1. Return yes when residue 57 is out of contact with any strand residue (DSSP E or B) (no Cβ under 6 Å at 6 or more places or on another chain) and within 23 Å of residue 120 (Cβ to Cβ) and no when it is not.
2. Give the residue, chosen from 18, 73, 94, 30, that is crowded, with 20+ Cβ neighbours inside 10 Å and either touching a helix residue (DSSP H, G or I) at 6+ places or on another chain (Cβ under 8 Å) or closer than 21 Å to residue 120 by Cβ (or both).
3. So which of 41, 82 ends up being within 13 Å of residue 117 (Cβ to Cβ), assigned to a loop (DSSP other than H, G, I, E, B) and either modelled with pLDDT of 90 or more or in contact with a helix residue (DSSP H, G or I) (Cβ under 9 Å, 6 or more places away or on another chain) (or both)?
4. If residue 88 satisfies all but one of (1) within 16 Å of residue 21 (Cβ to Cβ); (2) in contact with a helix residue (DSSP H, G or I) (Cβ under 8 Å, 6 or more places away or on another chain); (3) surrounded by fewer than 17 Cβ atoms within 10 Å (Cβ to Cβ), what's the number of the condition it fails?
5. Out of (1) under 21 Å from residue 81 (Cα atoms); (2) crowded, with 17+ Cβ neighbours inside 10 Å; (3) over 12 Å from the mean Cα position of the chain (by Cα), the odd one out for residue 23 is which?
């Protein structure tokens, strides 16, 4: 059994994922979030390269608050400036990146292709790097200075 300190994202990431493309609209993304019970969905191109993410918050802030309709293009509301992880990254490295960027979920890519997502909850629930995950949750939950 691998030592906890050496656990990689490949070992804890969720591999069965919902995705959307630029051909989808905000309504379709919201339905996938509901059906998959998730708050973030990666946006991929035809080669399965991650080009952004759409979150429930994106839909509210850039969608509803800007009076866009459900038929609005994903591209109008998605987050394009995203941070990505790789499967060989340690849980500790990922927790630090997530804390620094105040993000709760990290898309994991290999050779540019989406292979999974790791959430702060994955780290805490599996009791992997409990201290780092706890620190990351604290940092992510801090009010933003924006």
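1. Spelling it out, residue 57 is indeed out of contact with any strand residue (DSSP E or B) (no Cβ under 6 Å at 6 or more places or on another chain) and within 23 Å of residue 120 (Cβ to Cβ).
2. Values: 18 fails: crowded, with 20+ Cβ neighbours inside 10 Å; 73 fails: crowded, with 20+ Cβ neighbours inside 10 Å; 30 fails: crowded, with 20+ Cβ neighbours inside 10 Å.
Checking each option against the conditions leaves just 94.
3. Details: 41 fails: assigned to a loop (DSSP other than H, G, I, E, B).
When all the criteria are applied, what remains is 82.
4. The one condition residue 88 does not meet is (1).
5. (2)
The values are calculated or read from the model by the stated rules, or taken from the named source; none is laboratory data. Predicted model, so just to flag it, every value in this text is computed and none were measured. All Cβ positions, even for glycine, are placed from backbone atoms using ideal geometry, and neighbour counts span all protein chains on display.
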